[in-house]
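**Q** Here's a structure for you.
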Amino acid sequence: MPVSRLLVVALAAATALMLSGCAGGAGDAPAVDPVGTWGDPAAPGTPSLELFDDGTATGTDGCNRLVGGWELEDDGEVDFHGFASTLMACPGVDVWFVGAESARISGDRMTVIADGGVILGTLERGGGATPAPGAGTGGTNSSASPDPSASAGAIAGTGYVGTWGEEADRSPYLVISTDGTYTGSDGCNRMTGRWEIDDDGSLEFDDPALTRMACEGVDQSLSRLDSATIEGDALVVRDDHDAVLATLPRTA
């Protein structure tokens, strides 16, 4: 084959390869990694969200604990689904995160979107939270705890604070926090709520919220939790009929 023809064939092949590469890349969504903490969970009265690599999520709208699921769509948008929350009233706390349906991530910023494409606000990875103009419900009260009574109960029950059970796949566990809230799993579904100390010294679980996944072969008894006591170095969890649901060893 003449050299000139070889050059023409080579140039044509290179051009076709370049064009196909451009065409394939033009429609690709940018790579994003939603897993991690968005907002500051330690900042009272402000929303935050933690996305786990198993497709579950926990967080707060600044007042109520949230638990649910998420999925990364082909276009790079994060879709939220199955969210449940506690039902506390927190006067003065801007719960603009309520109504979140999806989110877009650019760098270390998550833009939270409601149904209809309305932008609610933004969460920074490991940082702050900012409501969109006009999206708030009354101004963020960042100087006060959303539930002072819960904090007082937490101080009275510091012996319960900690992690009970192993935070492992298909294993029940509870994390009792000093702010009067708890998170955990029944081995299948994520759960969250509030707790307080009863007159008899036992721990009482209030306002539970949990996801609604089906997990075949998993004992989900812990989802019926009502109260708990410490026996030795274990948390004994009971239902509202005082039947033992689980005995969780202290792990942290």
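**Q** Starting from the stretch 151-240, pick out the trypsin sites (Lys or Arg not before Pro) whose DSSP state is loop and whose Cβ has at most 16 other Cβ atoms within 10 Å.
**A** Of the trypsin sites (Lys or Arg not before Pro), the ones in loops of the stretch 151-240 whose Cβ has at most 16 other Cβ atoms within 10 Å are 170, 212.
**Q** Provide the net charge surrounding residue 69, with neighbours chosen by a C-beta distance below 11 Å and charges set as Lys +1, Arg +1, Asp -1, Glu -1. Don't skip to the end; give the middle numbers.
**A** Details: positive: 190, 212; negative: 54, 71, 79.
After counting each charged neighbour, the total is -1.
**Q** Now for a separate question. Calculate, axis by axis, the spread of Cα positions in the stretch 34-110 along the three principal axes, and write the results as whole Å, longest axis first.
**A** Extents along the principal axes: 39, 24, 18 Å.
All of the numbers you see were taken from the coordinates with simple rules; none came from a lab. Just so you know, these numbers come straight off a predicted model, no measurement behind them. In this analysis, Cβ positions are derived from the backbone assuming ideal geometry, glycine residues included, and neighbour counts consider all displayed protein chains.
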